[in-house]
Structures are given as structure tokens and as C-alpha cells.
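Chemist: Pasting a structure below so you can have a look.
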Amino acid sequence: MAKTTAIKIFLSHAAADLKLVEAFETLLTKALNITSESIFCSSLEGQGATKGKSFVDQIKDEAIAADAVVALITPAYMESAFCLAELGAAWVLNTNRFPIVVPPNTFEVMQATLLGVVGVKLDNDVAMSQLFEDITIALKLPPARAGVIARAMRSFTGEWPALQGSIGVAKRVDAAIHNQTLAELKSARDAWEASEQDLEHAKAQISALKKTKDPAEVAKVSKAFSETDWEMDLDAAIAEVADVAGEVGGNRVLRLMILDILNKPSAPDLNDDYISRAVEIGVYDTEDKDWIRSSDEMKSLQKGMRKVDAVFEEHAEAAAELKRRGKRANPNDIRFWEEHVGL
């Protein structure tokens, strides 16, 4: 066993992530073959600031004296000026820095915070094992037995699903991620609009070509390609409907929205969190207890559903072919949408 007074590790964390901190501290002691006395952790009883002393001053002193700083970078950590100051101090002091990115955080979010230091993901067992080895080498610690580390990792991995549920979500979005998402959205919209224009141009060209050809030949060619045409159109229209789910909070909400457009009962359970997104963005009115058909999402859904109807109106053989394949072919039946959209 290593001498507990020989080294000091500063476990930098957000107080909001106490359950994660407790479990990780246990993993850290096992993986590094040390005791809790070697770890300064302000949120754990007996390992934090001494009673009666200035908390800020002692945190500063401990950060300066630490041989290494291990940082659990959660969404709460990213939004804590105090936590970021701890990591910044470790960078300025050139202390051994070992940042651990905790999902749902990603490396992209951490580009500025890590300040050039390579971090690892907490849910990557291979990377974590390498991290423990790196800390052991950097601090010249006697290595822990492989079996002990493996058991500690298995125990932590078993707790991870519950721990992940205790981690708070970010209240703010990093400006770089926000701007990148907006740019990607604009690019996708531009591409979609260009595709729509190309499609309309192609349809107009086909219509003009039909007028210049022998009707019998046109009918023959149209029949040869009709199946492909209607299947592609139907898939595109259904995909447009399915895309709405991502905006409103999932397929459960989308199913109720479709029912409303079909003039069927579609009252959501307001005590269930699944409807919160639709309420938040103005798709469902809790006071009137009704769907807001003027919302962008309802308009997009209605547009997609009309396109599906148009496919069946334009291609008389589509419904018969779907029935022959054992599939639903009536868009006025919610079972059609359950089957084709996966509601």
C-alpha cells in the first residue's frame, strides 16, 4: 500500500454531482492503490475543508499543494465558475491534470476548457484504465493489482446507469455548439429546398416530355417506373412526418398529434413528462387542453400527411400494392402511421 501522506490528489468536481463523486472516489482509491486520506474532496466528509477555516482559502491552498488534479467535468461543472477556476489554476501551476469528460458532455464541448490537455470519457473503460496507469506513473505510485482494478471498474460500471441518471443536464448551451448546430440546420434546410426545387423542375420536364411523345409509349414507360416513383414519394412523405417527432418530444407525442389531425381523441397525460416538450414549444395548450394547429410543428405534420394522401391519390396502384405486401394502406387509420412511422 502506498504511503497515504506521500501524495495528494485534488478531486475537482461540482457539488451537485455528489453521488457520482462518492462512487468515483471509491474507484480512484482502488485503482491507484491509495486511501481516501490521499484525496482532497470538498464534498466528502473528512476529506474536505477543515471546519472553522476559510473554505475558499483552503481550496486554493489544496489546489496549489496537490500533486495532481483529477476533474469530473459534468454539465454542472461546466456551469460552475468556481470549478472552472480550479481547473484553470491547475493549468497555470502546471500541475498534473487529468480531466474526465462525463456524459452527456462531449469532447467538442470541452475544447476550450481542457486548454490543450487530453481528456478521457468516463464511460470508456479502456481509456479509464489507461488514465489510472498514467496517474500511477506520473505520481510514482506502486501499481495496484490488475484484479483489484478490474473488480473496481466492474463495480463502478454496474453503478453507472443509476449514477448517470443523477447527473444534472446543462442549463446553458455552449456558444460554439449552438452556432455549429444553427449552421448545420441552415445547411440542411438549404439542401432540402434545393432538392425540392430539383424535384419540381424534374416533374415539369417529365410533363413536357410526355406531351411530345406517343401516348402509348408514355403509358408503357410510366408503368415500368410507376412503382419506384410512388414508393420513393411515399417514403419521402412518411419521413417528413416522422421528423416531427424529434421536435415535439418523441413518437408518443407525434401519435397524439396525428390522432388530432385525424379528428380522433388525443388528450395527453399532463402528469407525464413526455408531453413537456410539446407544451414548452407551444404545440399543446394546457389551459384549453387542445393542440395548437397554427404551430410550426403541427403545420409541418399536416404538410407531410397531405403529401402521403397525395401519393395515394396520384398512384392508384399504391394502396393495392401495399395491401398485397400485407401492409396498411389507409392514412386515415392510426394503425397506418403506427406501422409506417413506428409509433
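Every read-out reported here was derived from the displayed coordinates using simple, explicitly stated rules and does not represent laboratory data. From a predicted model like this one, the values you see are computed outputs, not experimental measurements. For neighbour counting, all protein chains shown are included, and Cβ atoms are generated from backbone atoms with ideal geometry for every residue, glycine included.
Chemist: Based on the mean of other Cβ atoms within 10 Å per residue, sort peptides 251-258, 239-246, 323-330 so the most packed one is first. Display every interim value, and only then the final one.
Modeler: On the way: 251-258: 22.2, 239-246: 17.2, 323-330: 11.6.
Ranking, from highest mean packing down: 251-258, 239-246, 323-330.
Chemist: HN-Hα J couplings of segment 12-22 from phi, Karplus 6.51/-1.76/1.60, θ = phi - 60°, integer Hz, Gly and Pro as x?
Modeler: 7, 7, 9, 4, 5, 9, 4, 4, 5, 4, 4
Chemist: Take the cross-link list Lys8/Lys60; Lys303/Lys327; Lys19/Lys121 and give me the ones stretching past 21 Å between alpha-carbons.
Modeler: Too far apart for the 21 Å limit: Lys303/Lys327.
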